[in-house]
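First comes the structure, then the notes that go with it.
The values are calculated or read from the model by the stated rules, or taken from the named source; none is laboratory data. Not measured: the values here are computed from a predicted model. All Cβ positions, glycine included, derive from the backbone under ideal geometry; neighbour counts span all protein chains shown. For accessibility, only protein heavy atoms count, side chains too; no ligands or nucleic acids. Shrake-Rupley method; radii C 1.70, N 1.55, O 1.52, S 1.80 Å.
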Amino acid sequence: MIKMQNISKAFGNNHVLKDFNLEAKKGSSLVILGGSGSGKSVCLKCLLGLLEPDSGDMTINKTRINGLSQKQRTRTFGQIGMLFQNAALFDSLNVWRNVAFGLIEGQGMNPEQAHEIALLKLAQVGLQESVAELLPNELSGGMRKRVGLARAIATEPKILFFDEPTTGLDPIMGQVIDELIVSCVKELGATAVTITHDMQSLRRIADDVVMLFEGRDIWHGSVQEIDSTDNPYIRQFVEGSSEGPITMPLFKLGAKGS
Amino acid sequence: MSLVRVPINILRLILRLIGGNTWRMIEEIGAIFRFCVLSLIAIVQPPFYFRLFLQQLLNVGYYSLPVVGLTTLFSGMVMALQTYSGFSGVGAEATLPRVVSIAIVRELAPVLAGLMLAGRVGAAMTAELGTMRVTEQIDAMHTLGINPMRYLVAPRILACTIALPILVALGDSLGIYGGYLIAVYKLGLNSANFIDHVLDSLQWIGVFSGLCKAAAFGFTLSIIGCYFGFHSRGGAAGVGIATTNTVVISSILILILNFIITEIFFQVQL
Ligand SMILES: Nc1ncnc2c1ncn2[C@@H]1O[C@H](COP(=O)(O)OP(=O)(O)O)[C@@H](O)[C@H]1O
Ligand SMILES: [Mg+2]
């Protein structure tokens, strides 16, 4: 179980998270919804220990993880899989070495064996063997994202974070990736926290949903409740409408002009 | 009245700027020392990535050979010419080889190699690690359970600290050879005499102090290069600023350290 309680995080005067709460049940998939720049990535980075929250508690399986060193984390929870929003591939290593990095350097697996696993994981994200020898800068955005995903799941971690896994993918590939995420949760029993803007993808992968708006968790619920709730924020997000409580500065300007 | 205020306000502004900058500088120095300690811990704690260390050794050592070789060779040649004209030929037979070898071995080779490597190697380290930082590659390494201090920083620092003395030892011989070429073929000094005087003037402490300097410079420039790379922020422009900082600060530190180490050996010799 992954839990964030009353987490606040500010960068100077930019208060990104304010008393934010989140709970992902063990073996389930939680999706974080929220507009661009609302602090979703910051939230995951706090959970990963890459950013230290200003206040609040974070726990994984009842163990407090605030300020825990990376070594202690790995020892306690095994490796944690993370897909970064921009993939963050190691650009000096070729694709299969990227995917196998955690296996070879982290777990000390021999390269031949790791190579096989890397190819398997690449196949799972719909990438052919010929891609394995390419360098990251020879890939398209969507391919990089899928390599990042393969790297995140290569060590079959029990805790998975995905930052916008289907952004930049075509709808068919998006569905393949969604199914992969679901199978990680259902078959490996992993706990996943995923950020997405994509409502179709949300319906496929989410068990529970939390909505992040202006630094707060303004709505929690199961994926079924998302259609029945009359919470105006959720309604607006689900319908993808510019009319509603969530306003963008751009819309205000437009309204003034007309 | 307001005319009186203006200079006071300007003064206050200047004081605040100096104060703020001084404080920031002290903080930065503290952070560099902390980084230094963390790097040393990362070097002695397993796992040690031997393959990466060799790769860095090749990069720092082997590929810097032409740069360091040419710099010291020409410095030796210049030293020979200047010494000859400085002593206007009087007693050049005995003094020239001594001056050239002492200058090269104790000062010129280590300092020039250090400065060249600050530009060639230190800057490249900052640019590489800085790019990895701003594109979240270092974060990704963390999440995969690999300590970037051990994987990225330790091999670079160790390689630099070991490679620089070796480069300088080669630079020493090339520098003296440069002096020899000029002395014998241009100024007409006796070849055997030159070699005799050089060997005579080379004390072990002089050579040793030069190599100590080289190791200290290698350590310093790699620490600074890794530190500014690791703490880059703000995209390509941030990495550019960090790279400039590395070259400027490590060059200054090398010159300061050069004085300090010279002073220490001076005391020892007395
Ligand atoms: N390392 C950082 N330093 C300063 N500000 C940051 C940093 N990371 C994120 N922010 C700020 O936090 C806010 C939320 O960013 P982010 O979590 O990336 O948004 P998103 O919800 O689109 O993922 C943004 O205003 C961003 O400027
Ligand atoms: Mg984001």
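Quick one: what pairs do we get from region A:10-21, first residue within 7 Å of ligand 1 (Cβ to nearest atom), second of a type in the set (Val, Ile, Thr), C-beta under 8 Å, 6+ apart or different chains?
A:16/A:42
Can you pull out the residues in region A:22-40 that are within 8 Å of ligand 1 (Cβ to nearest atom) and open to solvent by less than 30 Å² (accessible area, probe 1.4 Å)?
Kept after step one, since they are within 8 Å of ligand 1 (Cβ to nearest atom), are these residues of region A:22-40: A:34-40.
Listed by number, the residues that qualify are A:34, A:35, A:38, A:39, A:40.
Output the number of the condition that residue A:14 fails; it satisfies all remaining conditions of (1) within 16 Å of ligand 2 (Cβ to nearest atom); (2) within 13 Å of chain B (Cβ to nearest Cβ); (3) more than 21 Å from the chain's Cα centre (by Cα).
The number of the failed condition is (2).
Which one of B:168, B:153 is open to solvent by less than 30 Å² (accessible area, probe 1.4 Å), more than 14 Å from chain A (Cβ to nearest Cβ), farther than 30 Å from residue B:101 by Cα and not aromatic (Phe, Trp, Tyr)?
Working: B:168 fails: farther than 30 Å from residue B:101 by Cα.
Going through B:168, B:153 in turn, the sole match is B:153.
Which residues, taken from region B:227-244, are open to solvent by 50 Å² or more (accessible area, probe 1.4 Å) and either among the β-branched types (Val, Ile, Thr) or within 28 Å of residue B:209 (Cα to Cα) (or both)?
Once the filter is applied, which keeps residues that are open to solvent by 50 Å² or more (accessible area, probe 1.4 Å) and either among the β-branched types (Val, Ile, Thr) or within 28 Å of residue B:209 (Cα to Cα) (or both), region B:227-244 yields B:241, B:244.
Just one of (1) under 30 Å from residue A:50 (Cα atoms); (2) away from chain A (no Cβ under 14 Å); (3) surrounded by fewer than 24 Cβ atoms within 10 Å (Cβ to Cβ); (4) not hydrophobic (A, V, I, L, M, F, W, C) trips up residue B:136, so point out which.
Single failed check for residue B:136: (2).
Restricting the search to region A:62-96, which residues are more than 12 Å from every other protein chain (Cβ to nearest Cβ) and either in contact with a strand residue (DSSP E or B) (Cβ under 6 Å, 6 or more places away or on another chain) or open to solvent by 70 Å² or more (accessible area, probe 1.4 Å) (or both)?
Answer for region A:62-96, where residues must be more than 12 Å from every other protein chain (Cβ to nearest Cβ) and either in contact with a strand residue (DSSP E or B) (Cβ under 6 Å, 6 or more places away or on another chain) or open to solvent by 70 Å² or more (accessible area, probe 1.4 Å) (or both): A:62, A:64, A:65, A:66.
What helices (runs of 4 or more DSSP H) completely inside region A:199-258 contain at least 2 residues that are surrounded by 18 or more Cβ atoms within 10 Å (Cβ to Cβ), modelled with pLDDT under 85 and in contact with a helix residue (DSSP H, G or I) (Cβ under 9 Å, 6 or more places away or on another chain)?
Numbers: elements: A:199-205, A:225-228, A:232-239, A:249-257.
Ranges flagged: A:232-239.
Any residue in region A:158-184 that's within 14 Å of chain B (Cβ to nearest Cβ): show its pairings with residues that are assigned to a helix (DSSP H, G or I) and within 16 Å of ligand 2 (Cβ to nearest atom) at Cβ separation under 7 Å, as long as the two are six or more apart or on different chains.
A:160/A:152; A:161/A:44; A:161/A:47; A:161/A:48; A:163/A:41; A:163/A:44
In region A:26-59, how many are within 14 Å of chain B (Cβ to nearest Cβ), without any contact (Cβ under 8 Å) to a residue 24 or more places away in the chain and in a loop (DSSP other than H, G, I, E, B)? Before the answer, list the steps.
Just the residues of region A:26-59 that are within 14 Å of chain B (Cβ to nearest Cβ), to begin with: A:41-42, A:44-52.
Pick out the ones that are also without any contact (Cβ under 8 Å) to a residue 24 or more places away in the chain and you get A:45, A:50, A:52.
Of the ones still in play, those that are also in a loop (DSSP other than H, G, I, E, B) are A:50, A:52.
Residues that pass the stated criteria total 2.
Name the single residue that is most open to solvent (accessible area, probe 1.4 Å) among those in region A:111-139 being part of a helix (DSSP H, G or I) and polar (S, T, N, Q).
As a first pass, look at region A:111-139 and keep what is part of a helix (DSSP H, G or I): A:111-124, A:129-133, A:136-138.
Among the residues that remain, those that are also polar (S, T, N, Q) are: A:113, A:124, A:130, A:137.
Values: A:113: 94, A:124: 80, A:130: 83, A:137: 116 Å².
Selected residue: A:137.
Output the number of the condition that residue A:8 fails; it satisfies all remaining conditions of (1) within 16 Å of ligand 2 (Cβ to nearest atom); (2) more than 14 Å from chain B (Cβ to nearest Cβ).
All conditions are met except number (1).
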